[in-house]
Amino acid sequence: MTKLIADGRRGADMSDLYLTIVERAQTEQRIERSVFIGFAAPACNEDEARQFVAEIRELHRQATHNPFAYIVGTNSERIEYFHDHGEPGGTAGKPILGAIARLNLTNVAVVVTRYYGGKKLGVRGLIDAYGETASLVLAAAGIVERQKKASLRLIVEYSAVDQVQYILTQYEATIIDRVFAQNVEIHAEVAESIAPALREALKPHTQLLD
């Protein structure tokens, strides 16, 4: 059964929310003498997804095939990609991608490693085997609803710190770090949809670094 975990948040705009996996996972099954090993990992961007794929391919470089798929980003920045890695076109990477997409996930990479067992599965058999293995490993990884965040770095005079912290609280921003020097540098995160309004509210009291 797929695990669904609710991420802590208050008053989030629905456009800020997305589904992804909780953690890395690995599953294995044997189908008609071939061994199919599923690997899933969170990936915040395309570089992380490709690094994960390269890691698994290196780990299982003796495998017959290492097809993969990933989806990263949301809305207009969403990227979907798959590769069959030597299997007949559309029989490996595409069903892996389909398993991710059916769960409406993003920021996820999946590799399904196959060690050939001597019996051909045919087109339908390959599609089912790769899709099922991908679904199994995604279920094992767990699914979580997260919130898209914007990062803010502020320079605040000591006399304005209490007011700035009050404003951050009103906009449900999270303070990640504070550095006390000549002024106070505050690093905070807030729901992406709220960030423009928060920046406007902070302008009279802070210097915005980003």
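Just so you know, all these numbers are worked out from the coordinates, no wet-lab data involved. This structure is a prediction, so every number in the text was calculated from the model and none was measured. Here the Cβ is made from the backbone with ideal geometry for all residues, glycine too, and neighbour counts use every protein chain on show.
Rounded to the nearest 20 debye, the dipole size of the chain about its Cα centre is 880 debye, using +1 on the Cβ of Lys and Arg and -1 on the Cβ of Asp and Glu.
Between Glu145 and Ala54, the distance separating the two model label sites (each 7 Å from Cα on the Cα→Cβ line) works out to 3.6 nm. Could you give the distance between the Cα centres of the stretch 168-210 and the stretch 140-166, to the whole Å? Each part reduced to its Cα centre gives a spacing of 7 Å.
In percent, rounded to a whole number, the relative contact order of the stretch 4-146 is 38, using alpha-carbon pairs under 8 Å and six or more apart. Note on the chain: antiparallel DSSP beta bridges, both residues inside, total approximately 90 percent of the bridges counted.
Return Tyr115, Tyr166, Tyr70 ranked ascending by Cβ neighbour count within 10 Å, so the fewest neighbours appear first. Don't skip to the end; give the middle numbers.
Working: Tyr115 16, Tyr166 10, Tyr70 29.
Final ranking by Cβ density, sparse to dense: Tyr166, Tyr115, Tyr70.
If only the Cβ of Lys and Arg carry +1 and only the Cβ of Asp and Glu carry -1, the dipole of the stretch 57-102 around its Cα centre is close to 80 debye.
Provide the gained length on full extension for the span Ile176 to Gln26, in nm with one decimal, where the gain is 0.36 nm per separating residue minus the Cα-Cα distance.
Numbers: separation 150, 0.36 × 150 = 54.00 nm, distance 3.20 nm.
So the chain would gain 50.8 nm between Ile176 and Gln26.
For the stretch 15-80, the equivalent ellipsoid derived from the Cα gyration tensor has semi-axes of 26, 14, 10 Å, listed largest first. With neighbours defined as other Cβ atoms within 10 Å of a residue's Cβ, the residues Asp84, Asp177 order from fewest to most as Asp177, Asp84. If you build a Gaussian network model of the chain, linking Cα atoms that sit under 10 Å apart, which residue out of Glu46, Glu77, Glu32 swings the most? Comparing Glu46, Glu77, Glu32 in the GNM, the peak value goes to Glu77.
Show me 146-158, 197-209, 127-139 ranked by packing, highest mean number of other Cβ atoms within 10 Å first. Can you show the working numbers first?
Working: 146-158: 17.2, 197-209: 14.7, 127-139: 22.5.
So the peptides 146-158, 197-209, 127-139, ranked by packing, come out 127-139, 146-158, 197-209.
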